[in-house]
1. Go ahead and run the numbers for FRET between Arg454 and Asn232, Cβ-Cβ distance against an R0 of 30 Å, rounding to 0.05.
2. For the pair Val382 and Asn499, how long in nm is the line joining their label points, each one 7 Å along Cα→Cβ?
3. Measuring from the lowest to the highest alpha carbon on each principal axis, how far does segment 448-512 reach, largest first, in angstroms?
4. Please state the charge dipole magnitude for the chain, taken about the Cα centre, from unit charges on C-beta atoms (+1 on K and R, -1 on D and E), reported in debye and rounded to the nearest 20.
5. Hydropathy first: keep DSSP H helices in the chain averaging at least -1.0 on Kyte-Doolittle, then drop any whose Cα extent along the axis falls short of 27 Å, and list what survives.
6. Can you compute the FRET efficiency between Ile393 and Leu217 using 1/(1 + (r/R0)^6), with r the Cβ-Cβ distance and R0 = 45 Å? Round to the nearest 0.05.
7. Would you give the gap between the C-alpha center of segment 471-530 and the C-alpha center of segment 355-403, rounded to a whole Å?
8. Loop sites only, by DSSP: take the trypsin sites (Lys or Arg not before Pro) in the chain that have at most 12 other C-beta atoms within 10 Å and name the longest stretch containing none of them.
Amino acid sequence: MADNNFKGTLNLLRFYLRRDRFILPVWILLPLFLIAGQISFIESMADWREFMAELSANALTNAILGPIVPLSKEGAVLWRGMLQSSIAVMIGSSFTAIRHTRSDEESGRYELIYGNGKGRNAAITASIAISFAGSFISALFVSIIMIISGFSLTGSLLAGLTLCAVGLIFTGIGVLISQIFQDSGSARGFILALYFLSMVPMMINNVGGGSTFWIWLAPEAWFRITEPFGGNNFSPLLVFMVLSIIPIAFAYYLMDNRDLGRGIFKEKLGPEDSAELKSPLALSLRQHKKTIIVWCIGMAFIGGAVGFITPSISENISEMLVNMSTWAETMSKLGNREGFVSVTIYIMGLMAGTSVYGISTVLNLKKEESEHFAEMLLAQPVSRIKLMSGYLIIAYAGSAVILLVLGASVGWGWGYSSGDMSLVSKAIVMSLTKIPSVWVIIGITSLLYGWMPRISAVLSWFLLGLFIVTEMLWEAGIVGWSAMELTPFGYAHYSIPVNELSALSLSLLVLLSITFTLVGLAGFKNRNII
């Protein structure tokens, strides 16, 4: 690559920092709050050693979070806080890289950049720099808060470096995926799918004792390989670095050898005359049916795997653990196995699953509008209401279908491996009760798109992130249940048994989603096309 290929990198880096001045601090500071909350939670317990020993011996917590290693205050902080922090950095670094590569290329901003004398590799280099810098600063804050809390210097630095390594490899994956896919939504969807898939080897590793080969396939739990405050293994960091360099190098190679505006997977042209193109709804279904199929296949695979391992979890939970933990009290009501299924469906079906699908589907109309395809359709005898309604129907119906597949696959795996197929219906009900909460998120997105199209994407993803952060802060004990009730998640939460869910609250969520949707349709009908 010629030196002038990097011309203007620093200028772009300053530009990206200005663009991300509000978004970047969110995922940089989130791990700090999560770790601080976990430290505060542990230190507030007079008998935390007994509590941690109980958790480490419990089969359910081992399956979800793995054993506590080392069995100490520091290990207890890593056990939960590092897992959550790693997820935040994984998503934050990769989405930042995609935002300044594929999203900018898709919107035509790259043409302006290159037309202004910038080198071909300036943008990708600046995006890598800002994503990695964010991961490094986030990791630095985590190390500092641990040192301030009295943790050892060596273990604190290793914990921070491990978190930084997770951010670096997902920065590399983010820029690589940006070269492969032609659509930024597909790139972000791949990242989320990759995270969901990594949960399977993580759980297999946890059930297998916490230190099997499977852990290498789950970056969010790489702290189990380096073992801060325990074995203090610095050598795996070199392996992490090599693994990170590979996707980055490949991304540069693809950037130098592909056409601008194109990905490796090019979009195929549809038929000129087809029954699938006779209405906006039919067109939307054609555009999204492959996405729905991919989501269903992914949910079926992960759900089936979770269902199969559920019977291996012990149902026993001690009275001491129940008395000391609200979460454990909930598990004692449900039973460890049902609780494990409930948590899994909650995470994959609602918190970071179909909510992502719903937002992406609605915002695809924003892409059609920005690329002037919406104008072409509206020039035909097609009303704005019918155009937007086509996408919304697919978003609402598709999310319900995906949740149905998730519940059925979890239930089938659970029922088949335990010999009780009546568990299929139980899992399906668990999954379908998440529909109203998902629909509210879709309704909010449609409202934002209808009235504020230019910032609708940022606000929609920000609100979902805020809901997820609230969940994490609640689990860390930083905020109370009243904060959860301000989010759609609180009304279909895994801690509430299905038979105790409020039918009135779920019905009100559906009505709220309809209201948001109607307001969004009114906004789209009366505003200018961007």
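1. That pair, Arg454 with Asn232, gives E of 0.05.
2. Each label point lies 7 Å from its Cα, and together they span 4.9 nm.
3. Sorted largest first, the three principal extents are 41, 30, 15 Å.
4. 1440
5. Taking the DSSP H segments of the chain (at least 27 Å long, mean hydropathy at least -1.0), we get 24-43, 122-148, 153-180, 184-207, 236-257, 280-309, 384-418, 456-475, 503-526.
6. After rounding to 0.05, the efficiency reads 0.75.
7. Each part's Cα centre sits 21 Å from the other's.
8. Excluding the exposed sites themselves, the longest stretch runs over 22-261.
Coordinate-derived values only; no laboratory data. Since the model is a prediction, treat every value here as computed from it, not as a measurement. Every residue, glycine as well, gets a Cβ built from its backbone with ideal geometry; the counts of neighbours run over all protein chains shown.
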